[in-house]
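Trainee: The structure that follows is given in the form of structure tokens.
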Amino acid sequence: MIIVLLGPPGAGKGTQAQRIMDTKGLVQLSTGDMLRAAKKAGTEVGKKAKEFMDAGKLVTDEIVIGIIADRIEEDDCKQGFLLDGFPRTVAQAEALDELLKNKGLHVDVVIEMKVNDESLVDRIAGRYTCAECNQGYHDTNLKPQQADVCDSCGSTNFNRRSDDNRETVIERLATYHAQTAPLLPFYEQKGVLRTVDGMADIDDVTVQINDVLNQL
């Protein structure tokens, strides 16, 4: 089974990807992790990636596809895999389709985690973590039981990611809508797109995703 998980930053794709891996026994393929691994291994395509990465440039689609092509030949991908964060554009999706077709494979399902932009901005901009144990909190949805004291370890030190602010989140959402959202009609035309309510409770989203996967 080959799954593509789509959704804007902060939609909860990472959490659901982990749950899919746990229940379906699939491997999650992260392009960032694969690029770093290929660079470290010194493969042919890894050497090309290294040139771009060392120069601080974005790695080309051709190189990324080459790395994916190498990665899915490994034994742990034989039962299928999950792609989260790739493809990001229609051009990448077309290249992925061609790669899979040449290997006698195809994307089985694309799951869109649909969210409300304004609610998502509030969700991300309000989150923070304990600096000591990394327990997650939120300004309105998940406050510590005692103000400014971590429930888990009692620490009074908290961190907030520098990019978890309204302006940055709105900018990231705009990029998603401009570059990645066109993938939705692309995959809908292929009949593989399924949509779940990404604003629901985490466990409810998992149930929706499992319902989709169980129908395949």
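Taken together, the values in this text are just the output of simple stated rules run on the coordinates, not laboratory data. Everything numeric here is computed off the predicted structure, so don't read it as measured data. Here the Cβ is made from the backbone with ideal geometry for all residues, glycine too, and neighbour counts use every protein chain on show.
Trainee: Report the trypsin sites (Lys or Arg not before Pro) located in region 1-76 that are in a DSSP loop and have at most 14 other Cβ atoms inside 10 Å of their Cβ, or state none. Walk me through the intermediate numbers first.
Mentor: Numbers: sites: Lys13, Arg19, Lys24, Arg36, Lys39, Lys40, Lys47, Lys48, Lys50, Lys57, Arg71; in loops: Lys57.
Sparse-neighbourhood loop trypsin sites (Lys or Arg not before Pro): Lys57.
Trainee: Taking Rg and Dmax of the Cα atoms in Å as the quantity of interest, determine which of (i) 17.7, 57; (ii) 18.8, 58; (iii) 22.8, 82 was computed from the displayed structure.
Mentor: The value matching this structure is (ii).
Trainee: Something else about it: If you keep only loop residues by DSSP, which trypsin sites (Lys or Arg not before Pro) in region 140-214 have at most 15 other Cβ atoms within 10 Å of their Cβ?
Mentor: Details: sites: Arg160, Arg161, Arg166, Arg172, Lys190, Arg194; in loops: Arg160, Arg161, Lys190.
Passing sites in region 140-214 are Arg160, Arg161, Lys190.
Trainee: Within the chain, what's the longest run with no GluC sites (Glu not before Pro) in a DSSP loop and at most 13 other beta-carbon atoms within 10 Å? Give the range, please.
Mentor: On the way: sites that count: Glu73, Glu74.
The reported range is 75-216.
Trainee: Quick check on the chain: of the DSSP beta bridges with both residues there, what percent are antiparallel, nearest 5%? Walk me through the numbers before you get to the answer.
Mentor: Working: 7 of 23 bridges.
Given both bridge residues lie in the chain, the antiparallel proportion sits at roughly 30 percent.
Trainee: What's the ranking of 173-186, 133-146 by average number of surrounding C-beta atoms within 10 Å, highest first? Show your work: numbers first, answer last.
Mentor: On the way: 173-186: 15.0, 133-146: 12.2.
Highest mean packing first, the order is 173-186, 133-146.
Trainee: Mind giving me the nanometre distance, one decimal, between the label points for Asn165 and Val149, set 7 Å out from Cα along Cα→Cβ?
Mentor: The modelled label-to-label distance comes out at 3.1 nm.
Trainee: On to the next question. How large is ³J(HN,Hα) for each residue in region 40-57, as worked out from phi by the Karplus curve 6.51 cos²θ - 1.76 cosθ + 1.60 (θ = phi - 60°), to whole Hz, x for Gly and Pro?
Mentor: Ordered by residue, 3J(HN,Hα) equals 5, 6, x, 5, 4, 6, x, 5, 5, 4, 4, 4, 5, 5, 5, 8, x, 9 Hz.
Trainee: Spit out the partnerless Cys residues in the chain, using Cβ distances under 4.7 Å as the pairing rule.
Mentor: Taking the Cβ cut-off of 4.7 Å, the unpaired cysteines of the chain are Cys77.
Trainee: Let me ask something else about it. Write out the trypsin sites (Lys or Arg not before Pro) in region 72-143 meeting two conditions: DSSP loop, and at most 16 other Cβ atoms within 10 Å of their Cβ.
Mentor: Details: sites: Lys78, Arg88, Lys101, Lys103, Lys114, Arg123, Arg127; in loops: Lys78, Arg88, Lys103.
Here the trypsin sites (Lys or Arg not before Pro) that fit, given the DSSP loop and packing criteria, are Lys78, Lys103.
Trainee: Counting helices only, and only those DSSP H runs with n ≥ 4, report the 222 nm mean residue ellipticity of the chain as the sum of -39,500 (n - 2.57) divided by its residues, in deg cm²/dmol to the nearest 500.
Mentor: The per-residue figure over the chain is -13500 deg cm²/dmol.
Trainee: Residues of region 7-49 with backbone nitrogen within less than 14 Å of a virtual label 7 Å along the Cα-to-Cβ line of Thr60, please, listed as ranges.
Mentor: Residues passing the 14 Å test: 45-49.
Trainee: Quote the FRET efficiency, to the nearest 0.05, computed for Gln215 versus Lys101 with a Förster distance R0 of 22 Å and r equal to the Cβ-Cβ distance.
Mentor: Details: r = 24 Å, r/R0 = 1.08.
After rounding, the FRET efficiency stands at 0.40.
Trainee: Over 21 Å between Cα atoms, which of Lys57/Lys190; Lys50/Lys78; Lys101/Lys190; Lys78/Lys190; Lys50/Lys101; Lys78/Lys114 qualify?
Mentor: Violating the 21 Å limit, Cα to Cα: Lys57/Lys190; Lys50/Lys78; Lys78/Lys190; Lys50/Lys101; Lys78/Lys114.
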